[in-house]
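Colleague: Pasting a structure here, questions to come.
The values are calculated or read from the model by the stated rules, or taken from the named source; none is laboratory data. Remember, predicted model here, so these are calculated numbers, not experimental data. As a convention, Cβ positions derive from the backbone with ideal geometry for all residues, glycine included, and neighbour counts pool all protein chains shown.
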Amino acid sequence: MIRTFSRLWPGLYRDIVLNQIIASPFVPVRLRRAFLNAYGLSVGRSRVAPHVWIGSTRLSIGDNSFVNYGTMFNTSEQISIGNFVDVGMRCLFITSSHELGPPSHRAAGHVRMPIVVGDGTWIGAGVTILPGVVIGAGCVVAAGSVVTQSIRANTLVGGVPARAIRDLSNGTECASDR
């Protein structure tokens, strides 16, 4: 019977097991991490909040990271989240897109590229990260930004599209900017 359902509904396990049951607020964080690993993801000693949508097993999350409510991982390609990474609520990690086609059909060929987020990075709420982006270690991505290009390590970026705002490599203290 499960095979019949799987043929009729190819995303059955992803849609029901991964993104409804495991993503439920009724599943404790530690148990959610164990279930995600059992499902085939690679999740270190990190916290994944409820209602996080995951497209497939092509997601790895390092140790001591946090993924907040409502984040979506479109995993047409691999997404790698480093250690000590904080992801704000309702972020989008999009690994697939289309090439620009002719006027008769603008969304032409399908393009897939991985996303990498380096250790120690902070991604603010509502950030969108597009295919092929590599975010270096120690970066800060301001809330609501759309990241279309890779970011070098220890850089504060923000905006639509995200642009470098400040080099953070000279230390960790930002209070002096107030």
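Colleague: Mind telling me which of the residues V87, V111, V157 ends up being of a type in the set (A, V, I, L, M) and either over 18 Å from the mean Cα position of the chain (by Cα) or within 19 Å of F66 (Cβ to Cβ) (or both)?
Modeller: Testing whether each residue is of a type in the set (A, V, I, L, M) and either over 18 Å from the mean Cα position of the chain (by Cα) or within 19 Å of F66 (Cβ to Cβ) (or both) leaves just V87.
Colleague: So how many residues does the range 100-115 have that are of a type in the set (V, I, T) and without any contact (Cβ under 8 Å) to a residue 24 or more places away in the chain?
Modeller: Residues flagged as of a type in the set (V, I, T) and without any contact (Cβ under 8 Å) to a residue 24 or more places away in the chain within the range 100-115 amount to 1.
Colleague: Shifting gears a bit: If I filter the range 133-151 down to residues being touching a residue at least 24 places away in the same chain (Cβ under 8 Å) and assigned to a loop (DSSP other than H, G, I, E, B), which single residue comes out as surrounded by the most Cβ atoms within 10 Å (Cβ to Cβ)? So that I can check it myself, show each step before the final result.
Modeller: First pass over the range 133-151, keeping only residues touching a residue at least 24 places away in the same chain (Cβ under 8 Å): 137-140, 143.
Then drop every residue that is not assigned to a loop (DSSP other than H, G, I, E, B), which leaves 137-139, 143.
Working: A137: 16, G138: 20, C139: 24, A143: 14.
Filtering the range 133-151 for residues that are touching a residue at least 24 places away in the same chain (Cβ under 8 Å) and assigned to a loop (DSSP other than H, G, I, E, B), the one surrounded by the most Cβ atoms within 10 Å (Cβ to Cβ) comes out as C139.
Colleague: Taking G82 as the residue in question, decide whether it is without any contact (Cβ under 8 Å) to a residue 24 or more places away in the chain and under 13 Å from the mean Cα position of the chain (by Cα).
Modeller: Taking the combined requirement at face value, the residue does not satisfy it.
Colleague: Okay, next question. Using beta carbons and a limit of 8 Å, which pairs, at least six apart or on different chains, have the first residue in the range 13-38 and closer than 12 Å to A49 by Cα and the second one of a type in the set (D, E, K, R)?
Modeller: Qualifying pairs under 8 Å: I22/R32; A23/R32; V29/R47; R33/R45; R33/R47.
Colleague: Within the range 119-166, track down each residue that is β-branched (V, I, T) and in contact with a Cys (Cβ under 8 Å, 6 or more places away or on another chain).
Modeller: T121, I123, V127, T128, I129, I151, T155, V157
Colleague: Just to be sure I understand, how many residues within the range 25-69 are hydrophobic (A, V, I, L, M, F, W, C), within 24 Å of I94 (Cβ to Cβ) and surrounded by fewer than 19 Cβ atoms within 10 Å (Cβ to Cβ)?
Modeller: Here is the first cut: in the range 25-69, the residues hydrophobic (A, V, I, L, M, F, W, C) are 26-27, 29, 31, 34-36, 38, 41, 43, 48-49, 52-54, 59, 61, 66-67.
Subsequent filtering for residues that are within 24 Å of I94 (Cβ to Cβ) retains 36, 41, 43, 48-49, 52-54, 59, 61, 66-67.
Pick out the ones that are also surrounded by fewer than 19 Cβ atoms within 10 Å (Cβ to Cβ) and you get 49, 53, 66.
Number satisfying all stated conditions: 3.
Colleague: Take E77 and decide whether it is farther than 23 Å from G159 by Cβ and over 12 Å from the mean Cα position of the chain (by Cα).
Modeller: Against the criterion (farther than 23 Å from G159 by Cβ and over 12 Å from the mean Cα position of the chain (by Cα)), E77 does not qualify.
Colleague: Additional query: If A38 satisfies all but one of (1) closer than 20 Å to V147 by Cα; (2) among the small types (G, A, S); (3) in a helix (DSSP H, G or I), what's the number of the condition it fails?
Modeller: (1)
Colleague: Now for a separate question. Looking at I79, I22, which one is modelled with pLDDT of 95 or more, surrounded by 15 or more Cβ atoms within 10 Å (Cβ to Cβ) and within 24 Å of A125 (Cβ to Cβ)?
Modeller: Every option except I79 fails the conditions.
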